[in-house]
Amino acid sequence: MRKKRRRVKEDVFSLMRPIRPCDPHPDMAEKKMLRLDRLLHESGFGTRRDIKKWLKDGAVSVNGMAVLDHGLKIDPERDHVTVFEEAIQYEPYRYIMVHKPQGVITATRDAKEAVVLDLIPPEWVREGLAPVGRLDKDTTGLVLLTDDGHLAHRLTAPRYEVEKIYAVRVARPLQESDRLAFQKGLPIGGGEVAKPARLEIDPREPRWALVALREGKMHQVKRMFETVGTSVLRLHRLSIGPLVLEETLPEGSARLLRRSEVVRLYEAAGYCLPYFLAADKAMDVESASSVHDSDDPTDIFDKTIAAFLKRLPHLV
Ligand code: URA
């Protein structure tokens, strides 16, 4: 009886849990109507010349009616557009996970060096696609590419405190005093101070640790370890907020994010979900394998430690 009463109480509390407030994404706040030719082009459906021809040939339909007018205004949220009877899935933005290897720079283009955009198939490139934050040339791991500039801003601006987790190998064994120094915050030179950060030392191999930062100053991890008197030999980013680098994604490879992953990033950034993330607008096959189920950051940190310790031998 007592057990039953407790269950009822828990259920009532779960119903009363406050819904987290969210801000509307600025580009989604007012309805965007798009020209038909632009919608087709941005859906990656053929070249401009193909699109022109298909329209002329009557191969494009809107809500079941063939349309010849390439300038027709379309409501991407409601209108059903097909080309040769194949439905068009309009993607307002693109989100790509890249496993950056050493030697590649986090930029969109460079005259001499390989850049992260070179690691994706050319057909995934769109205007405005850029890395979210930067990794040094010798740092490996997770880079997120997107043309969703508002989301990118919130994932990187210190004000929104989205946590990034790095695996790090340093030159000397780390100890409790290092963990405490990171926990307090550290001067990192040039008059800059790093905010408190979490340092989790691998008990079996204390030259390895995980560091969790909520800001991204230039070379921040390296500068923090310099302050405590050691140097970084290897640096690898494991996660950005709820997005975790997929373990099976080989170095130098990339994949499109799943809808569930983009949803979690929107939640971490405090944005309300726009229509294109609604459950019935599947961007791809639903799977949450690289997203942790809880949005509690401690949980993410703990799970990342467990996964990371298993993988250590592959990283050394
Ligand atoms: N901190 C660094 O020092 N380098 C990186 O690439 C990322 C964080």
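For residue 98, the requirement of being under 30 Å from residue 239 (Cα atoms) and either within 33 Å of the chain's Cα centre (by Cα) or open to solvent by less than 30 Å² (accessible area, probe 1.4 Å) (or both) is met. Here residue 182 meets the list (1) more than 20 Å from residue 237 (Cα to Cα); (2) within 14 Å of the ligand (Cβ to nearest atom) almost entirely, failing just condition (1).
Looking across the range 9-32, the residues that are within 25 Å of residue 81 (Cβ to Cβ) and modelled with pLDDT under 85 come down to 27, 28, 29, 30, 31, 32. Scoring residue 192 on the criteria (1) within 15 Å of the ligand (Cβ to nearest atom); (2) open to solvent by 20 Å² or more (accessible area, probe 1.4 Å); (3) closer than 30 Å to residue 203 by Cβ leaves a single failure, condition (3).
If only residues of the range 104-156 that are away from the ligand (no atom under 16 Å from the Cβ) and of a type in the set (Val, Ile, Thr) are counted, the one that is surrounded by the most Cβ atoms within 10 Å (Cβ to Cβ) is 146. In the range 68-95, the residues that are closer than 23 Å to residue 274 by Cβ and of a type in the set (Phe, Trp, Tyr) form Cβ pairs under 8 Å with partners that are in a loop (DSSP other than H, G, I, E, B) and open to solvent by less than 40 Å² (accessible area, probe 1.4 Å), at six or more places apart or across chains, as follows: 90/43; 90/76; 93/147; 93/148; 95/148; 95/257.
For the range 39-51, a residue qualifies if it is surrounded by 14 or more Cβ atoms within 10 Å (Cβ to Cβ) and modelled with pLDDT of 75 or more, and the qualifying residues are 39, 40, 41, 42, 43, 46, 50, 51. Residues of the range 125-144 that are within 13 Å of the chain's Cα centre (by Cα) and of a type in the set (Gly, Ala, Ser): 130, 133, 141.
Can you name every residue in the range 157-179 that is within 14 Å of the ligand (Cβ to nearest atom) and over 23 Å from the mean Cα position of the chain (by Cα)? The answer is 169, 170. May I ask you to verify whether residue 247 is away from the ligand (no atom under 16 Å from the Cβ), in a loop (DSSP other than H, G, I, E, B), modelled with pLDDT under 95 and more than 22 Å from the chain's Cα centre (by Cα)? In short, no. Checking the range 71-79 against the condition returns a match, with at least one residue being open to solvent by less than 20 Å² (accessible area, probe 1.4 Å), of a type outside the set (Gly, Ala, Ser), assigned to a strand (DSSP E or B) and modelled with pLDDT under 95.
Residue by residue, here is whether (1) polar (S, T, N, Q); (2) within 12 Å of the ligand (Cβ to nearest atom); (3) open to solvent by 30 Å² or more (accessible area, probe 1.4 Å) holds:
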site: 224; (1), (2), (3): no, yes, no
site: 238; (1), (2), (3): no, yes, no
site: 242; (1), (2), (3): no, no, no
site: 251; (1), (2), (3): no, no, yes
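Across the range 221-242, the number of residues qualifying as among the polar types (S, T, N, Q) and either in a helix (DSSP H, G or I) or under 30 Å from residue 263 (Cα atoms) (or both) comes to 2.
The values are calculated or read from the model by the stated rules, or taken from the named source; none is laboratory data. Not measured: the values here are computed from a predicted model. All Cβ positions, glycine included, derive from the backbone under ideal geometry; neighbour counts span all protein chains shown. Side chains included, ligands, DNA and RNA excluded: accessible areas come from the protein's heavy atoms. Shrake-Rupley method; radii C 1.70, N 1.55, O 1.52, S 1.80 Å.
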